[in-house]
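Quick notes on the structure that follows.
The values are calculated or read from the model by the stated rules, or taken from the named source; none is laboratory data. Small disclaimer: the values here were computed from a predicted structure and weren't measured. Positions of Cβ are generated from backbone atoms using ideal geometry, with glycine treated the same way; all protein chains shown enter the neighbour counts. Note: accessible area is taken over every heavy atom of the protein model, side chains too, but ligands, DNA and RNA are not part of it. Shrake-Rupley method; radii C 1.70, N 1.55, O 1.52, S 1.80 Å.
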Amino acid sequence: EAIDNLEDASNELILTDEEVIRFQIGEVFAHVPKEEVETRIEEMKEVNSKNLEKLEEEKESVVAQMAELKKILYGKFKDSINLEED
């Protein structure tokens, strides 16, 4: 969602004729040149994309570990347990 918001902001920036943009930095808004805002948004999109990739890799690893653990538990307890997700 953060990436979508940044993409929306980037698109809005393209449409504006303003050369100085109100840009939120932490808790405050500052007047920042349009080019700098464009650069910052692109950097933020890259950081968010890298974070998302990392989280997806971690998720894949956890899901694989869960599958292995399920095999072990089903091998041990057969049908007397139910580990399937709802």
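Residues in region 20-57 that are farther than 17 Å from residue 5 by Cα, β-branched (Val, Ile, Thr) and surrounded by 12 or more Cβ atoms within 10 Å (Cβ to Cβ): 20, 32. Report whether or not residue 60 is open to solvent by 90 Å² or more (accessible area, probe 1.4 Å) and in a helix (DSSP H, G or I). It is true that residue 60 is open to solvent by 90 Å² or more (accessible area, probe 1.4 Å) and in a helix (DSSP H, G or I). Which residues, taken from region 69-85, are out of contact with any Lys or Arg (no Cβ under 6 Å at 6 or more places or on another chain) and either of a type in the set (A, V, I, L, M, F, W, C) or open to solvent by less than 100 Å² (accessible area, probe 1.4 Å) (or both)? Result: 69, 70, 72, 73, 74, 75, 77, 80, 81. Exactly one residue out of 55, 73, 83 is modelled with pLDDT under 95 and in a helix (DSSP H, G or I): that is 73.
When residue 17 is tested against (1) at pLDDT 95 or above; (2) surrounded by fewer than 11 Cβ atoms within 10 Å (Cβ to Cβ), exactly one condition is not met: (1).
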